[in-house]
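*Asks:* A single structure is presented below for examination.
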Amino acid sequence: MKNKVLLIFLAIVLVVSLAAFAACKAEEEPPVVEEEEPPPVVEEEEEPPPPSYEWPKEFKIATHGIGASDYAQMTSIAPLIEQSTGMKVRVVPEDSSALKSRWLVQGLFDTKSDSANEVGTYNIQAQSAYATRDGGPFQTRAIIQTFFQAFGIMVRGDSEIRTVYDIKPGTKMSVWTMPGGLELVTAVLAWANLTPDDVVLVETGSYPDNMRMVADGRADVSCLALPSSTVVQELEAGPHGLHWLDLNSKEDPEGAARYNSIMPATIFSPIAIGVESSIGHWGWGGPSLLWTTADTDPELIYNLVKWLDENFDSYKDLHPNNADMSLDRFRGSLDFMYLPIHEGTIKYLKEKGMWTADDDVRQAYNVDLVTSYCEAYKAAIDLADAAGITVAPDSEEWIELWENYKKDLDLPVFKVIYEF
């Protein structure tokens, strides 16, 4: 009996011990909390990339004639643009800037190559050959700088004329019969305290012949020599070589002021690109640019400028002038630009952080000035029609009417703000 009681007691102790051990174990181990499954990850849909720009089938550029540097420059770049964009790029040479301008306005070309001086001084102010019914001011816009044109005053290497003041009565001066050709010679002569009546003017109808006249002795001085042009390179290698007359505005500010009184949009600077004999001599000039109309598709111009910027390294060495097509050099020219820039170009410059509040102010002024000339020219043509006056460059009545109308309106001229 005692044994049975003992066994029952031990059994109770064992049960109590096991229960106590289980309780302790439960206190030592925290309860297992079942983790909730994370919510399903909803992947955000990626925005599709913007569609690539669809270039037009053809892009037409009008330049100066064969032998001019802008023709060689554009033909050096055109094959790369074709290969990259699929456009057929046509480069068409034409010596008459007035004709190029009419072609552009008529939509026969997408862009033309010309200097800012040519566009602002002659085209928009409707001087010389531009003073036609369809050839005066229009809403022009600059696309990008092609190069900084630094023209020089050129004589033969064996000439006795060594400075601009060596030009004397009887000197033979070549004159290219383009708009502004005579004004340019007049400005150079003003620097030398002379007038066209003091010298012998020898006219020529093309840029290459304007250079060759000096080499073959038909003229003593050419005032429109582009040092990087192929014809100048040819003459540099000729039997007589070349010499350049300096227009140094720092050393002779009075002479430069006399020049600028006739050609107000001129900048004087050392020649940096061209034949060896020209480097370091002071010439005159300003930026040459590609021009289009204000209503040209902004996306086309934006993508063209972007392509030229992003592919600069691929074409910068293909022609001596191409180095001037960098966006940095274009930015430098914008500080004294007196004509409007195209909307597509401005969009790209803003993306690159290269367009400022000052540029906005300058752009607004330039657009207003061009618009004033466009409106004035249309009104002047209406007056001429009412008076039975023929609108043509060789009509003295028309030229007098237009010039007087500009004076009556007090239209400002296009000019560079230049400090000597």
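Any read-out appearing in this document is the output of simple, stated calculations on the displayed coordinates, not a laboratory observation. Everything numeric here is computed off the predicted structure, so don't read it as measured data. Note that each Cβ is placed from the backbone with ideal geometry, even for glycine, and that neighbours are counted across all protein chains shown.
*Asks:* What ranking of 381, 262, 167 emerges when the number of other C-beta atoms within 10 Å of each C-beta is taken as an exposure proxy, fewest first?
*Replies:* 262, 381, 167
*Asks:* Using the count of nearby Cβ atoms within 10 Å as a rough guide to exposure, how do 138, 330, 148, 336 rank from fewest to most?
*Replies:* Ranking 138, 330, 148, 336 by Cβ neighbours within 10 Å, fewest first, gives 336, 138, 148, 330.
*Asks:* Let me ask something else about it. Which whole number in µm²/s is D for region 302-420 by Stokes-Einstein, with the Kirkwood Rh taken over Cα pairs at 37 °C and 0.692 mPa s?
*Replies:* Using the Kirkwood radius from Cα pairs, D works out to 189 µm²/s.
*Asks:* Among 249, 315, 235, whose Cα projects farthest towards the positive end of the dipole of region 58-409, with charges put on the beta-carbon of Lys, Arg (+1) and Asp, Glu (-1)?
*Replies:* Of the options given, the answer is 315.
*Asks:* Placing +1 at every Lys and Arg Cβ and -1 at every Asp and Glu Cβ, with all other atoms neutral, what dipole size does the chain have around its Cα centre, in debye to the nearest 20?
*Replies:* 540
*Asks:* Are there trypsin sites (Lys or Arg not before Pro) in region 317-398 that DSSP puts in a loop and that have at most 16 other Cβ atoms within 10 Å, and which ones?
*Replies:* Here the sparse-neighbourhood loop sites are 352.
*Asks:* Let me see the P(r) profile for region 69-114: every Cα-Cα distance counted, bins of 5 Å, each bin given as a percent of all pairs.
*Replies:* For region 69-114, the binned pair fractions read 5, 21, 28, 23, 17, 6, 1 percent.
*Asks:* With no solvent and one point per C-alpha, what does the Debye sum give as log10 I(q)/I(0) for region 140-294 at q = 0.17 Å⁻¹?
*Replies:* Listed by q, the Debye log ratios stand at -0.96.
*Asks:* I'd like the Kirkwood hydrodynamic radius of region 46-188, using the inverse of the mean 1/r over distinct C-alpha pairs, in Å.
*Replies:* Result for region 46-188, one decimal place: 17.9 Å.
*Asks:* Per residue, what volume in Å³ does the convex hull of the Cα atoms of region 278-353 enclose?
*Replies:* About 116 Å³ per residue, rounded to a whole number.
*Asks:* Sort all Cα-Cα distances of region 225-273 into consecutive 5 angstrom bins from zero, then give the percent of pairs in each bin up to the one containing the longest distance.
*Replies:* 5, 17, 22, 18, 15, 13, 9, 1
*Asks:* Let me ask you something else. Before anything else, pin down the relative contact order of region 58-409: Cα pairs under 8 Å, at least 6 apart, normalised by residue count, whole percent.
*Replies:* Normalised by residue count, the contact order of region 58-409 is 22 percent.
*Asks:* How would you rank 300, 226, going from fewest to most other Cβ atoms within 10 Å of each one's own Cβ?
*Replies:* 300, 226
*Asks:* Give, to the nearest whole percent, the P(r) tail of region 376-420 beyond 15 angstrom, counting all Cα pairs.
*Replies:* Of all Cα-Cα pairs in region 376-420, 47 percent lie more than 15 Å apart.
*Asks:* Taking only C-alpha pairs under 8 Å that are 6+ residues apart, what is the relative contact order of region 251-384 in percent?
*Replies:* Here the relative contact order equals 18 percent.
*Asks:* Expressed as cubic angstrom per residue, what is the convex hull volume of the alpha carbon set of the chain?
*Replies:* 253
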